[in-house]
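The values are calculated or read from the model by the stated rules, or taken from the named source; none is laboratory data. Just so you know, these numbers come straight off a predicted model, no measurement behind them. Reconstructed Cβ throughout: ideal geometry from the backbone, glycine too, with neighbour counts over all protein chains shown. Accessible surface is based on the protein model in full, side chains and every heavy atom, while ligands, DNA and RNA are left aside. Shrake-Rupley method; radii C 1.70, N 1.55, O 1.52, S 1.80 Å.
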Amino acid sequence: MTPDVPAEAEEAAARAAKAAGVAVRELATLTELEAAIALFDEVWVPEAGNSSVRLDLLRALTKAGNYASGAYDLASGQLLGACVGFFGPPSHAELHSHIAGVRPAGLGRSVGFTLKVHQRAWCLRRGVRVIAWTYDPLIRRNAYFNLVKLGAEPVEYLRNFYGVMDDAINGGTETDRMLVHWELASAAAAQASAGSARPASFAAERERGAVVALRADDHGRPVRGPILADVGRRAVLVGVPADIEAMRLSDPELAAAWRSALRDALVPPLASGGRVTGFERAGWYVVSPGAGRGED
């Protein structure tokens with residue numbers, strides 16, 4: 001890592017915080033940690049009697065030197081967003097970002113982006129090379145945020161990773177997740193942190209011969225594309241619905257069908273060496289054969 005990378009990350013974090021109108025700082029006191037847990041519970045709305053994160057665990061994590069931060073509104077001092085992560089094995093020089101959320105009052109201000117850019121700078125100061133986290137691959141806005149706004153790279157599709165979770169976001173369904181790695185010193189991370197997003201283009205990929213492996217029909221049902229013998233030599237386009245969270249409430253069977261269809265469309269190409277190399281905001285993953293970074 002060159003000496004100017006942490007400095008660039010610090011500058012990017014400062015710019016993002018100023019643009020969002022927040023101050024991001026590490027959380028340490030019980031009062032701060034309780035406020036972060038209340039925020040997470042407001043976002044996820046877990047079952048009665050449960051909480052998104054235990055206070056004693058969060059206290060222990062921060063005491064051990066792990067990451068916990070909050071984004072505070074400059075005008076009111078209100079906590080608008082929070083993020084928590086913990087370290088992986090030392091040889092990996094990796095932080096696993098476990099949970100991040102923004103309450104409704106902070107939406108539309110890039111508070112989530114500001115927290116992640118702060119997390120990147122915090123990690124680079126400590127010699128951490130990679131931040132890993134998981135997200136629901138069916139939630140379109142999350143895929144766009146992680147893959148385009150931040151420039152993170154999907155590395156593994158995880159089936160029912162957390163088990164069934166009965167909260168307002170997961171809706172009592174199986175929790176398939178995409179594991180991503182954010183290479184903090186990469187040009188892609190630096191460009192993304194500076195606000196230079198690079199979304200994919202469905203039309204351009206189709207012109208280059210990409211195959212549509214999954215799409216929605218006129219009624220919002222998943223339609224699988226043909227299994228082609230030469231798919232390993234061409235990019236694959238995999239669609240996701242516009243609002244899977246609303247679908248889980250209005251039509252759980254249809255939502256479950258989308259989960260199954262996405263598994264079938266993404267797992268085989270990833271297992272055979274393909275890499276997700278882009279995402280279009282309209283809801284399309286681009287999976288390229290043999291492209292991207294190899295396994296660590």
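Report, by residue number, each residue of the stretch 42-73 that is in contact with a strand residue (DSSP E or B) (Cβ under 9 Å, 6 or more places away or on another chain) and assigned to a helix (DSSP H, G or I).
42, 43, 44, 58, 61, 62
Considering each of 99, 37 in turn, give the residue that is farther than 20 Å from residue 190 by Cβ and touching a Cys at 6+ places or on another chain (Cβ under 8 Å). Spell out the reasoning first.
Working: 37 fails: touching a Cys at 6+ places or on another chain (Cβ under 8 Å).
Every option except 99 fails the conditions.
If you scan the stretch 79-90, which residues turn out to be open to solvent by less than 80 Å² (accessible area, probe 1.4 Å) and either outside any strand (DSSP E or B) or of a type in the set (D, E, K, R) (or both)?
If the condition is that a residue be open to solvent by less than 80 Å² (accessible area, probe 1.4 Å) and either outside any strand (DSSP E or B) or of a type in the set (D, E, K, R) (or both), then 88, 89 are the ones that fit.
Being surrounded by 15 or more Cβ atoms within 10 Å (Cβ to Cβ) and within 24 Å of residue 136 (Cβ to Cβ) narrows it down to one residue among 33, 39, 57; which is it?
Values: 33 fails: within 24 Å of residue 136 (Cβ to Cβ); 57 fails: surrounded by 15 or more Cβ atoms within 10 Å (Cβ to Cβ).
The match here is 39.
Does residue 9 satisfy being part of a helix (DSSP H, G or I), surrounded by 13 or more Cβ atoms within 10 Å (Cβ to Cβ), without any contact (Cβ under 8 Å) to a residue 24 or more places away in the chain and within 23 Å of the chain's Cα centre (by Cα)?
On the way: part of a helix (DSSP H, G or I): yes; surrounded by 13 or more Cβ atoms within 10 Å (Cβ to Cβ): yes; without any contact (Cβ under 8 Å) to a residue 24 or more places away in the chain: no; within 23 Å of the chain's Cα centre (by Cα): yes.
When the stated conditions are applied, residue 9 does not pass them.
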